[in-house]
Amino acid sequence: MLSAALASGLVLVAVTVLVLTGVTHELDRAALRAVQGPANGAFDLAANVHTILGLPYVTLPLAAAWSLALWRRGHGAASLAPLLIGAAVCVELALKLTTGHAPPGPETSRTVIHFVPAPDTPSSYPSGHATRLTFLAALVALVAARRAVTVAAAGFVVITLLARVYIGDHWPT
């Protein structure tokens, strides 16, 4: 588990360096066009509904409820694991406030459902939705310790990443 966390951290550092140097700009544009290529109303609706799952108003209370449930079942210190989402949010906000990686323009927006406004940040890197949902999916896979759950969690993360790009809120990086 520690090696997976270290590997994830190294990947985050590497991608951040690439984003800061602007190396990913053309690849990001091409990938955004490719992901939005099959755009249609059904995809728009699905991606926008998926967005609800990643809102902080959903993920943070979910993590707190999960932590409480684990604690009430006698899991002791392990019940604090879902609360580590707070650390993930801190890393996300630190990067958003320092990278200056502007989101795609409004001309790429596929947003059809408008939610309660979240605080704007000057950067779209990294995606808060992807950060929080990936954290929770990885924790579910770790707790379940079953191959099918791990595969489903990985699939969910891929869908999350594609949905964030598809609706035009984020670049692939």
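Points to keep in mind about this one:
- 3J(HN,Hα) along region 44-61, derived from phi through the Karplus expression 6.51 cos²θ - 1.76 cosθ + 1.60 where θ = phi - 60°, amounts to 4, 5, 4, 5, 6, 5, 4, 4, 4, 4, x, 4, x, 5, 9, 5, 5, x Hz, with x in place of Gly and Pro.
- Accessible surface, region 28-173, averaged per residue in Å² (probe 1.4 Å): 55 Å²
- Degrees, to the nearest 10: 147-166 long Cα axis against longest axis of the chain: 30 degrees
- Angle in degrees between helix 2-21 and the longest Cα principal axis of the chain, rounded to the nearest 10: 20 degrees
- Between the helical axis of 128-144 and the longest alpha-carbon principal axis of the chain there is an angle of about 30 degrees.
- Protein accessible area in the chain, 1.4 Å probe - carbon and sulfur %: 73 percent
- Qualifying chymotrypsin sites (Phe, Trp or Tyr not before Pro) in region 1-67, where qualification requires a DSSP coil assignment and no more than 15 other C-beta atoms within 10 Å, are lacking entirely.
- For region 1-137: rounded, prolate or oblate by the Cα gyration tensor [a/c cutoff 1.5]: oblate
The values are calculated or read from the model by the stated rules, or taken from the named source; none is laboratory data. All of these numbers come straight from a predicted model, not from anything done at the bench. Here the Cβ is made from the backbone with ideal geometry for all residues, glycine too, and neighbour counts use every protein chain on show. Just the protein is used for accessible areas: all its heavy atoms, side chains included, with ligands, DNA and RNA removed. Shrake-Rupley method; radii C 1.70, N 1.55, O 1.52, S 1.80 Å.
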